[in-house]
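First comes the structure, then the notes that go with it.
The values are calculated or read from the model by the stated rules, or taken from the named source; none is laboratory data. Treat the numbers as computed from the prediction; the structure is a model and nothing was measured. Glycine gets a Cβ as well: all are built from the backbone with ideal geometry, and neighbour counts include every protein chain shown. We work out accessible area using only protein heavy atoms, side chains counted, and drop any ligands, DNA or RNA first. Shrake-Rupley method; radii C 1.70, N 1.55, O 1.52, S 1.80 Å.
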Amino acid sequence: MSRLRPRAKSDEQSRIKRSPTDLYDAALRHFLSKRYGPAEDRCRQALTLDPKHADSLHLLGLVHAQTERLDLAVDLIASAVRCNPNNHEYFLNLGGLLQRQNKLDDARKSIDLAIKLAPNLAVGWIKLGNILRIQRRHDEALLTYEHASTLDPSNADAAARSGGVLFELRRYEEALAKCDLSLAISPDQVEVLFVKGDCLRNLDRAAEAAAIYRRISELVPDRGFVWRLLGKLHQQLGDRDGAIKAFRRAREIAPSDPFGVSVELMRLGAEELSEMPPAYVRFLFDQYAPTFDTALVEGLGYRGPSVLFEAVLSACQAHQKPANFKHAIDLGCGTGLVAVAFAEMVDQFIGIDLSPGMIEKARATGLYAQLKVTDMLEGLRTTPDFGVDLVLSADAMVYVADLLPVLKEASRVLASGGLLAFTLERHDGDGFIMGEGRRYAHSAPYVRASIEAAGLVVLQLEQHSTRYEKGVPVPSLVAVAEKS
């Protein structure tokens, strides 16, 4: 039997295979399978044959959107619209991309045109609701999502997004009802389950919330923060063993421990006191950075920098030292509150903080000659011997368990006669503990012994309070020490 050979294709077959429509269909198959490179190649081949092939322009725009080339994506889909202004999907996707670029007015115009072309499709109304939600026009967004649900009662997304808005408005019972409606349509929506769990937590229905987070952990088992939430709920329910198991699972998933489960394990007595994970401290303060000053100063009556300033001034007067310094280091500088307080006393500041978000806030003050994104100990280690006259730290030591390594490095970088001043939380026992606020509290004898072990002389060690918590002053210490 003769060997089989591929049949020669007729000119008509070759022409059909290379048509823009055929190439577009091949591109679409690649796109749906997330093979974006081949999808882009087929789109470009189609557009070589027909530069105004609207579907290929549109799909190529979507490919660029998937690979974060948003400007190109917008241009391509806008070209598709010009070639075919009657396709509502083009306007929907163009609106979505403009929303991602935060061009909300243009996005709204595009979505409005999509709705005009297809007024009975829920998806357009949902996308409009999304823009209104970003603009914090919550009542209008809710009405828009409700209209989408009326058009398509089986649309789980419309109910879910209503639930999200209601949650933001702290209307937890209503949000819960919307989540239940969405989950009845599509039971395993992870993000909707999150909103439901958060609603239940805020309604103090801890056992029900725990059941929801357990379900989420089954659907997405490798999300560490889910296990942290489960641990917190087990704690709340009095299940210490369940809490420890959940916290340890969270740390297995994320060994750098950005969610601070090690802190929770220390508080439960399941692990010995040790230093906080740097990833947790960084994550914590990056989150706080945008609202830190308002939350701390206005919300908690924070006055650590002013307490520190008064202590340094008092120590200088008592020991007949000049109250001005050429070079100072601000350990855990945060947003720069210490530099503001000491601006008239210090010529040049170096700021050290583990949080990039905090460092950017400090940079905006214009008061720092240099800023280092690193932890306090490492920041000091990269500073030359005898290089500064003053080392300050306002409440940053509450995130340090063993003070001695930091104090020794501070002593090394201080010039003779230089001062170290810091505030920290106080407890009346021995050594240090993990306090209720998930910060370390140190005893006065421990602080004094650590300062002296670092080769410094204590000039002042007094009780103060630098902030309130739940309306109660937090017991604190302020220390000033000299390098002799």
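Okay, residues lined up against (1) in a loop (DSSP other than H, G, I, E, B); (2) under 30 Å from L377 (Cα atoms); (3) touching a helix residue (DSSP H, G or I) at 6+ places or on another chain (Cβ under 7 Å):
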{"position": "E208", "(1), (2), (3)": "no, no, yes"}
{"position": "R215", "(1), (2), (3)": "no, no, yes"}
{"position": "K232", "(1), (2), (3)": "no, no, no"}
{"position": "E272", "(1), (2), (3)": "yes, yes, no"}
{"position": "S306", "(1), (2), (3)": "no, yes, yes"}
{"position": "A315", "(1), (2), (3)": "no, yes, no"}
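Residues in region 263-292 that are open to solvent by 60 Å² or more (accessible area, probe 1.4 Å), without any contact (Cβ under 8 Å) to a residue 60 or more places away in the chain and of a type in the set (D, E, K, R): E272 only.
Inspect region 235-248 for any residue being hydrophobic (A, V, I, L, M, F, W, C), modelled with pLDDT of 95 or more and surrounded by fewer than 17 Cβ atoms within 10 Å (Cβ to Cβ) and give the result as yes or no.
yes
Exactly one residue out of R171, R201 is of a type in the set (D, E, K, R), open to solvent by 60 Å² or more (accessible area, probe 1.4 Å) and free of Cβ contacts under 8 Å to residues at least 12 places away in the same chain: that is R171. Take R161 and tell me if it is open to solvent by 80 Å² or more (accessible area, probe 1.4 Å), closer than 21 Å to V220 by Cβ and in contact with a helix residue (DSSP H, G or I) (Cβ under 7 Å, 6 or more places away or on another chain). When the stated conditions are applied, R161 does not pass them. Pairing each residue of region 35-63 that is outside any helix (DSSP H, G or I) with any residue that is surrounded by 21 or more Cβ atoms within 10 Å (Cβ to Cβ) and hydroxyl-bearing (S, T, Y), provided the two are 6+ apart or on different chains, yields C-beta distances under 7 Å for H53/Y24. Inclusion of E310 among residues that are open to solvent by 50 Å² or more (accessible area, probe 1.4 Å), farther than 22 Å from K361 by Cα and in a loop (DSSP other than H, G, I, E, B) is not warranted.
Tallying residues that are buried (at least 21 other Cβ atoms within 10 Å of the Cβ), of a type in the set (V, I, T) and more than 12 Å from E425 (Cβ to Cβ) within region 447-484 yields 2.
Counting residues in region 86-104 that are among the charged types (D, E, K, R), modelled with pLDDT of 95 or more, part of a loop (DSSP other than H, G, I, E, B) and under 27 Å from the mean Cα position of the chain (by Cα) gives one or more. Of all residue pairs spaced 6 or more apart or on separate chains, those with beta-carbon atoms under 7 Å, a first member in region 102-119 that is of a type in the set (D, E, K, R) and a second member that is assigned to a helix (DSSP H, G or I) are D106/L98; R108/I131.
Yes or no: D198 under 26 Å from R282 (Cβ atoms), part of a helix (DSSP H, G or I) and acidic (D, E)?
Values: under 26 Å from R282 (Cβ atoms): yes; part of a helix (DSSP H, G or I): yes; acidic (D, E): yes.
When the stated conditions are applied, D198 passes them.
Among the conditions (1) touching a Lys or Arg at 6+ places or on another chain (Cβ under 9 Å); (2) within 30 Å of E264 (Cβ to Cβ), F194 misses just one, which is (1). Of all residues in region 354-398, those satisfying the criterion of being in contact (Cβ under 8 Å) with a residue 40 or more places away in the chain, of a type in the set (A, V, I, L, M, F, W, C) and more than 21 Å from G418 (Cβ to Cβ) are L354, M358, V398. Among the residues of region 116-132, which ones are open to solvent by 20 Å² or more (accessible area, probe 1.4 Å) and either aliphatic (A, V, I, L, M) or under 14 Å from D157 (Cα atoms) (or both)? Of everything in region 116-132, those that are open to solvent by 20 Å² or more (accessible area, probe 1.4 Å) and either aliphatic (A, V, I, L, M) or under 14 Å from D157 (Cα atoms) (or both) turn out to be L117, L121, V123, W125, K127, N130.
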